[in-house]
Amino acid sequence: MPKTNAIRVLDTLGIEYELLTYSVDLDNLAAIATAQKLGLPADQVFKTLVVSGDRRGTALAVIPGSYQLDLKALARVSGDRSVETVSLKQLQPLTGYVRGGVTALACKKPYPVFLDEWAQVYERIAVSAGRRGLMIQMKTADYIKATSATVGRISQEPLSL
């Protein structure tokens, strides 16, 4: 399997990880569906959302797959007055990734990363490896270190399944 930039970053940092593969359904790229395919709890599989704040500009919000981003909470944690998700059209130019493959581990630019505090419930979390159909499972502490993430409460209650 060819290595993604996210995998190369972890290798360079000497961080241990496990690669998880799943079949891609372009009609359902939801993190909940990915978690089901991997046999993991939906709140242990994290999705990376690209946002834009009025003060800090582009940033990445990493939240549990079954949760919703709380824009007001993210604004408080990030120091912005307001935050909004970027359009799908902006996703690839900003990050180098397509929807369903965005990762904070190796974006085009080093954007600030905000990780929901729920990640600390688990010793290990799963995040995108930078390509649809490929996830990285790693220690939460190593993910925080690799992304220089700020941890805080940035999500809302789980979506109904």
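The values are calculated or read from the model by the stated rules, or taken from the named source; none is laboratory data. Fair warning: this is a prediction, and the values are worked out from it, not measured in the lab. Here the Cβ positions follow ideal geometry from the backbone for every residue, glycine too, while neighbour counts run over all protein chains shown.
Would you mind telling me which numbered condition in (1) in contact (Cβ under 8 Å) with a residue 12 or more places away in the chain; (2) outside any loop (DSSP other than H, G, I, E, B) residue 29 fails? Of everything listed in (1) in contact (Cβ under 8 Å) with a residue 12 or more places away in the chain; (2) outside any loop (DSSP other than H, G, I, E, B), residue 29 misses just condition (2). Within the stretch 1-37, being within 19 Å of residue 158 (Cα to Cα) and surrounded by 13 or more Cβ atoms within 10 Å (Cβ to Cβ) holds for 29, 30, 31, 32, 33, 34, 35, 36, 37. Could you please let me know if residue 102 is assigned to a strand (DSSP E or B), hydrophobic (A, V, I, L, M, F, W, C) and within 27 Å of residue 8 (Cβ to Cβ)? Here the answer is no, as residue 102 does not meet what is asked.
Only one of the numbered conditions (1) in a helix (DSSP H, G or I); (2) at pLDDT 95 or above; (3) in contact with a Leu (Cβ under 9 Å, 6 or more places away or on another chain) is violated by residue 90, and that is (3). Any idea which residue in the stretch 113-157 is nearest to residue 91 (Cα to Cα), counting only those that are among the β-branched types (Val, Ile, Thr) and in a helix (DSSP H, G or I)? Restricting to residues being among the β-branched types (Val, Ile, Thr) and in a helix (DSSP H, G or I), the top hit is 147. The numbered conditions (1) over 17 Å from the mean Cα position of the chain (by Cα); (2) within 19 Å of residue 149 (Cβ to Cβ) are all true for residue 104 except (1).
Only one of the numbered conditions (1) closer than 14 Å to residue 155 by Cα; (2) in contact (Cβ under 8 Å) with a residue 60 or more places away in the chain; (3) within 15 Å of the chain's Cα centre (by Cα) is not met by residue 65, and that is (2).
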